[in-house]
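The values are calculated or read from the model by the stated rules, or taken from the named source; none is laboratory data. As the structure is a prediction and not an experimental result, all values here were calculated from the model. Here the Cβ positions follow ideal geometry from the backbone for every residue, glycine too, while neighbour counts run over all protein chains shown. All accessible areas refer to the heavy atoms of the entire protein, side chains included, with ligands and DNA or RNA removed. Shrake-Rupley method; radii C 1.70, N 1.55, O 1.52, S 1.80 Å.
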Amino acid sequence: KLTGVPDAEMAKDDADLLDYEKTVLRGLFASGSPVLLSQLKYKFYTYLKDAKDDLYKDAMARRWFNMRPDRARALWVGVGIAVMGLGTAAAVILGNLLGAGLVAAPLVPAGLLLAVLAHWMPKRTAKGREVLRRALGFRQYVATAEKDRQRFNEATNLFSEYLPYAIVFHCVDKWARAFQGLDVAETTRT
């Protein structure tokens with residue numbers, strides 16, 4: 001069960017949110033508050049589609065990619081399909097005319113490979129690669145948390161601040177284990 005704030009308060013509170021964050025928040029509480037997760041089942045996906053579009057717009061505005069990732073993937077799938085079609089047509093034509101259909105046959109698996117690899121085709125800019133490098137470094141920090149290092153973090157109350165990132169990085173158990181047994185009062189005295 002999710003509870004939110006009334007619409008008037010939400011407008012004030014979401015001023016610092018990015019567009020895609022506002023879209024998700026608006027989608028969660030579109031029918032009011034509180035919300036059962038079961039109520040979101042057939043409605044929330046439309047907001048997620050809009051949030052994804054807003055996220056891509058934000059990534060392009062920040063110049064993290066040369067081309068919108070969804071469009072780059074679609075382009076490469078299209079190129080792969082075109083290469084497969086061209087290879088098939090060339091193999092049939094060459095086979096019928098010259099008996100050399102095998103010459104063009106390698107184009108079919110090459111096109112299939114292009115379509116399969118389209119997911120990894122979006123090209124990051126130097127700025128985008130740096131953001132990814134930093135995000136992966138932070139993920140490693142969260143995933144390899146140690147108790148001694150966490151004493152400092154708990155003293156500065158980073159556990160709850162970094163917990164959402166631990167959830168996104170799928171390492172909540174490791175993050176929680178690193179803080180297990182730490183006492184805030186004890187760490188602030190040392």
* To do: Amide H neighbours of F65 under 5 Å, at least 5 residues apart or on other chains, H built in the peptide plane: list them.
  => T125
* Asked: Could you sort W120, W175 by accessible area so the largest value comes first, with the probe set to 1.4 Å?
  -> W120, W175
* Applying the Karplus parametrisation 6.51 cos²θ - 1.76 cosθ + 1.60 with θ = phi - 60° to the phi angles of the stretch 118-129, what ³J(HN,Hα) value in whole Hz is obtained for each residue in order, glycine and proline being reported as x? -> 4, 4, 9, 7, x, 9, 7, 7, 4, 5, x, 5
* **Karplus 3J(HN,Hα) series, Hz, for the stretch 22-27 with 6.51 cos²θ - 1.76 cosθ + 1.60 (x for Gly, Pro)** => 5, 4, 5, 4, 4, x
* Structure fact -> Under the Karplus relation with 6.51, -1.76 and 1.60 and θ = phi - 60°, whole-Hz ³J(HN,Hα) for the stretch 50-67, x at Gly and Pro, equal 5, 5, 5, 4, 4, 5, 5, 4, 5, 4, 6, 5, 7, 6, 8, 9, 6, 9
* Asked: Taking the stretch 39-154 as the region of interest, what is the percent of Cα-Cα pairs per 5 angstrom bin, listed from the shortest bin to the one with the maximum distance?
  -> 2, 10, 10, 11, 11, 12, 12, 11, 7, 5, 4, 2, 1, 1, 1, 0
* Filter the trypsin sites (Lys or Arg not before Pro) in the stretch 21-89 down to the DSSP loop ones having no more than 11 other Cβ atoms within 10 Å, then list what survives. => K41, K43
* Asked: Around D19, what is the net charge, scoring Lys/Arg as +1 and Asp/Glu as -1 over all other residues with Cβ under 11 Å from its Cβ?
  -> -3
